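Let me begin by presenting the structure, written as structure tokens, before commenting on it.
Just so it is clear, none of the values below were taken in a lab; they were calculated from the coordinates. Keep in mind it's a predicted model, so treat the numbers as computed, not measured. Cβ placement follows ideal geometry from the backbone for every residue including glycine, while neighbour counts extend to all protein chains displayed.
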């Protein structure tokens with residue numbers, strides 16, 4: 001049986017978690033305290049979009065371990081500051097061993113900072129992203145039952161690209177929607193199921 005086919009794992013503390021959050025202490029803390037909780041501030045959401053983009057092709061554990069360095073390198077993901085980054089900043093970041101040194105992803109973060117600022121005239125990034133929240137949320141019992149895209153993540157990806165964002169593909173946006181509580185993909189018997197408060201009635 002693969003980890004995808006398994007349901008939750010009961011930890012030493014007696015709490016049920018999915019396999020990906022059941023072993024690594026850093027991932028367990030992230031799962032228990034942050035993943036799936038609503039993010040409704042612009043700076044926080046811009047950070048999540050940026051980190052999800054940097055994660056593409058890598059493990060989330062890698063990004064999570066580098067998160068303090070990312071925050072230092074990108075000035076806590078303050079949109080105005082990142083939007084003002086120059087080619088010299090790109091070169092500085094390419095020499096920063098604490099982050100993922102991918103030129104296209106670094107430039108995408110700068111592009112997305114500018115797009116975030118531009119969205120303010122249309123109600124802002126938070127309202128824009130959350131407008132794609134689906135009417136119902138999944139009820140997975142194993143990781144294998146969790147989709148990697150959805151009609152909403154495809155639509156969100158297309159809409160963000162139209163607004164000038166980069167590295168916001170449907171799979172990346174689906175991961176974002178999971179991480180910020182727009183959908184609840186905690187396994188049904190996880191101790192975190194329903195913890196976001198976004199979904200008052202869960203299947």
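Estimate the FRET efficiency between residue 29 and residue 149 by the formula 1/(1 + (r/R0)^6), using the beta-carbon distance for r and 22 Å for R0, to the nearest 0.05. List each step's numbers first, then the result.
Numbers: r = 28 Å, r/R0 = 1.25.
The computed FRET efficiency comes out at 0.20.
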Legend entry - Using alpha-carbon coordinates, inclination of helix 170-179 to the longest axis of the chain, degrees: 60
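Inverting the mean 1/r over all pairs of different Cα atoms, compute the Kirkwood radius of segment 39-93 and quote it in Å.
It is 11.8 Å.
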Legend entry - Ascending count of other beta-carbon atoms within 10 Å, so fewest first, for 187, 27: 27, 187
Inset, instruction - Report the full-extension gain for the segment residue 133 to residue 15: residue separation times 0.36 nm, less the Cα-Cα distance, to one decimal in nm. - result: 39.6 nm
Legend entry - Helix-derived mean residue ellipticity, 222 nm - over the chain, DSSP H n ≥ 4, -39500 (n - 2.57), to 500: -14000 deg cm²/dmol
Legend entry - Nearest-ten-degree value, helix 151-162 long axis tilted from longest Cα axis of the chain: 10
Legend entry - Diffusion coefficient, µm² s⁻¹, Stokes-Einstein with Kirkwood Rh over alpha-carbon pairs of segment 137-203 at 20 °C and 1.002 mPa s: 171
Inset, instruction - Tell me the label-point distance for the pair residue 189, residue 118, using the 7 Å Cα-to-Cβ offset, in nm and rounded to one decimal. - result: 4.9
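What Kirkwood Rh does segment 27-179 have if only Cα atoms enter the pairwise 1/r average? Answer in Å. List each step's numbers first, then the result.
On the way: mean 1/r = 0.0626 Å⁻¹.
Averaging 1/r across every pair of different Cα atoms and inverting gives 16.0 Å.
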Legend entry - Computed label-point distance, nm, for sites residue 41 and residue 91 using a 7 Å Cα→Cβ extension: 3.5
Inset, instruction - With the Cα gyration tensor of segment 1-91 in hand, convert its eigenvalues to equivalent ellipsoid semi-axes via √(5λ) and list them largest first in whole Å. - result: 32, 14, 11
